[in-house]
Ligand code: B4P
């Protein structure tokens with residue numbers, strides 16, 4: 001199996017690039033953001049709980065997210081590899097992911113980390129907010145809170161994988177196609 005984490009702050013292009021990468025490499029796309037939004041749309045108890053956090057720009061509690069990922073794996077037993085988008089976002093999630101993959105006798109091959117300046121992140125997310133209908137994209141304070149959560153809780157996840165020499169930094173500014181080419185070059189030499 002080839003398992004890849006696409007990492008970066010909110011608005012760094014994870015969702016945008018993931019769609020292109022899963023199509024090219026035939027990986028199963030696991031976006032915890034998309035899964036949570038689906039739960040919110042379906043008004044499930046999990047969705048209602050998650051919405052309260054997302055609307056404030058906070059991370060959803062680890063046990064909720066890890067449970068959701070576990071059940072996603074149950075439904076994708078035949079996958080030949082996963083692209084993790086927006087997960088793991090805390091050290092506890094990273095450790096849980098390692099354990100779940102170990103049960104499948106596999107592991108993370110590489111973490112590709114997109115780097116984008118904070119002003120560019122805010123600009124992109126405010127622009128998406130004009131059309132996406134996403135409650136977490138319309139208010140600049142909420143966007144900045146998400147970026148703060150990233151620095152406080154998520155950035156350390158890269159250190160976790162750096163210990164295993166699995167992190168590659170990729171410039172996340174420029175055209176979508178140029179960034180896609182850089183990501184593909186890193187994957188092609190490992191797959
Ligand atoms: P996510 O759905 O993961 O959303 P995101 O990080 O905001 O967006 P992403 O990074 O995918 O967006 P993209 O850059 O592609 O999370 C939403 C919320 O869910 C979180 O805040 C959190 O509360 C919760 N959550 C999710 N996972 C969780 C977890 N594991 N644990 C706890 N809580 C969790 O796109 C941004 C915009 O930039 C788009 O409009 C795009 O068109 C544009 N863009 C992309 N590339 C560009 C480029 N090269 N140039 C210009 N614009 C570009």
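What follows draws every value from the coordinates through simple rules; no lab data is involved. Because the structure is a prediction, the values reported are computed rather than measured. For neighbour counting, all protein chains shown are included, and Cβ atoms are generated from backbone atoms with ideal geometry for every residue, glycine included.
Brief remarks follow.
- Annotation for region 96-113: no member residue is surrounded by 14 or more Cβ atoms within 10 Å (Cβ to Cβ) and near the ligand (Cβ under 9 Å from one of its atoms).
- Across region 114-135, a minimum of one residue is classified as touching a strand residue (DSSP E or B) at 6+ places or on another chain (Cβ under 7 Å) and more than 12 Å from residue 57 (Cβ to Cβ).
Here is a yes/no grid of residues against (1) under 12 Å from the mean Cα position of the chain (by Cα); (2) free of Cβ contacts under 8 Å to residues at least 60 places away in the same chain; (3) assigned to a loop (DSSP other than H, G, I, E, B):
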| residue | (1), (2), (3) |
| --- | --- |
| 5 | yes, no, no |
| 10 | yes, no, yes |
| 15 | yes, no, no |
| 50 | no, yes, no |
| 56 | no, no, yes |
| 60 | no, yes, yes |
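- Among residues of region 71-94 being free of Cβ contacts under 8 Å to residues at least 40 places away in the same chain and more than 13 Å from the ligand (Cβ to nearest atom), the one that is farthest from residue 1 (Cα to Cα) is 71.
- Residue 176 fulfils the conditions (1) within 9 Å of the ligand (Cβ to nearest atom); (2) surrounded by 13 or more Cβ atoms within 10 Å (Cβ to Cβ); (3) in contact (Cβ under 8 Å) with a residue 24 or more places away in the chain except for a single criterion, (2).
- Qualifying residue in region 126-136 (condition: buried (at least 18 other Cβ atoms within 10 Å of the Cβ), under 15 Å from the mean Cα position of the chain (by Cα), over 22 Å from residue 25 (Cβ atoms) and free of Cβ contacts under 8 Å to residues at least 40 places away in the same chain): no
A quick yes/no check of all residues on (1) within 6 Å of the ligand (Cβ to nearest atom); (2) touching a helix residue (DSSP H, G or I) at 6+ places or on another chain (Cβ under 7 Å):
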{"position": "3", "(1), (2)": "no, yes"}
{"position": "6", "(1), (2)": "no, yes"}
{"position": "13", "(1), (2)": "yes, yes"}
{"position": "18", "(1), (2)": "no, no"}
{"position": "23", "(1), (2)": "no, no"}
{"position": "26", "(1), (2)": "no, no"}
{"position": "38", "(1), (2)": "no, no"}
{"position": "42", "(1), (2)": "no, no"}
{"position": "50", "(1), (2)": "no, yes"}
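- Filtered residue count, region 126-149, keeping only those that are in contact with a helix residue (DSSP H, G or I) (Cβ under 9 Å, 6 or more places away or on another chain) and under 10 Å from residue 9 (Cβ atoms): 2
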